[in-house]
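> Quick one: structure below, then a few questions.
The values are calculated or read from the model by the stated rules, or taken from the named source; none is laboratory data. Just so it is clear, the model here is predicted, and its values are computed rather than measured. As a convention, Cβ positions derive from the backbone with ideal geometry for all residues, glycine included, and neighbour counts pool all protein chains shown.
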Amino acid sequence: MQENEGISEMTTTRTPLIAGNWKMNGTVAESVALTRAVDDGAPGGCELLICPPAVLIPPVAAALKGGNVAVGGQDCHFAGSGAHTGDIAAVMLAEAGCGYVILGHSERRADHGETDELVRSKTEAAHAAGLIAIVCVGETLAERDGGETLARIGSQLEGSLPAAITAANTVIAYEPVWAIGTGRTASAADVAEVHTHIRGDIERRFGADLAGGIRILYGGSMKPSNAAELLAIDGVDGGLIGGASLKAEDFLAIAASCP
């Protein structure tokens, strides 16, 4: 208990991050309009990030006026270049204007069979390109109902995080797959338990300083109606937002809920 209490005292040093994952949505015109609306309405007190599809990154980056909103990619390859048709290197994202990249998202793990080892390799590539990696972990409905949540999260962290992570180059996102689009919701106690476990796991592996500084986002269907409750949970340092990030009003309302 003493270790967790020590970590919790450092939460005020972590700037909340509200990250919008646009997934496979948007035309150039729609994306530019959404970007400008988010940029114009960005509140203080938190950092905003938008992650459009790869082909939309250049016009989105160009539409931003200043430093209110950051841009990120939704994935990258572990190699810097080569015969990898359809893939994008981390350095390409950086040159297109990205500061972040989402890695190991549950949809990538499920739809593309991404393993923890592959996510770790991609994270190393992101760091080498100067990007901040948002590494996603989360359990399925079967794992949740089987009482395997913490073991699964621990296994994903162990396999997906390189040894050289820092609080400056890595963010962790907890996305309970069972609470995304299923009608089931995670309680505040559920979220607090997993976030505490993640931070404790980081402390065990990397030390208290890194555990106290690294940001851990919640990614389980956060929206304006539940954002304030979720963001008030000790150890929740922001959100990885899906559908609600496609509407400026909703995305900004979530950001305004940051404590």
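Residues checked against (1) at pLDDT 95 or above; (2) in contact with a His (Cβ under 9 Å, 6 or more places away or on another chain); (3) buried (at least 16 other Cβ atoms within 10 Å of the Cβ); (4) within 30 Å of Ala29 (Cβ to Cβ):
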site	(1), (2), (3), (4)
Ala173	yes, yes, yes, yes
His195	yes, no, yes, no
Ile198	yes, no, yes, no
Ala208	yes, no, no, no
Tyr218	yes, yes, yes, no
Glu249	yes, no, no, yes
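> Here are some residues: Arg120, Arg108. Which one is part of a helix (DSSP H, G or I) and in contact with an Asp or Glu (Cβ under 7 Å, 6 or more places away or on another chain)?
The match here is Arg108.
> Only one of (1) part of a helix (DSSP H, G or I); (2) closer than 21 Å to Leu240 by Cα; (3) among the acidic types (Asp, Glu) is not met by Glu114, so which one is it?
(1)
> For the list (1) in contact with a Phe, Trp or Tyr (Cβ under 6 Å, 6 or more places away or on another chain); (2) assigned to a loop (DSSP other than H, G, I, E, B), I need the number of the one condition that His84 fails.
(1)
> Hey, another quick one. Quick check on this structure: which one of Gly147, Gly181 is surrounded by fewer than 15 Cβ atoms within 10 Å (Cβ to Cβ), in contact (Cβ under 8 Å) with a residue 40 or more places away in the chain, small (Gly, Ala, Ser) and not in a helix (DSSP H, G or I)?
On inspection, the qualifying residue turns out to be Gly181.
> Next question. Checking the conditions here, which among Ala142, Ala125, Ala164 is in a helix (DSSP H, G or I) and modelled with pLDDT under 95?
Just one listed residue meets the conditions, Ala142.
> Search the range 13-67 for residues being among the small types (Gly, Ala, Ser) and in contact (Cβ under 8 Å) with a residue 60 or more places away in the chain, and hand back the single one that is surrounded by the fewest Cβ atoms within 10 Å (Cβ to Cβ).
Gly45
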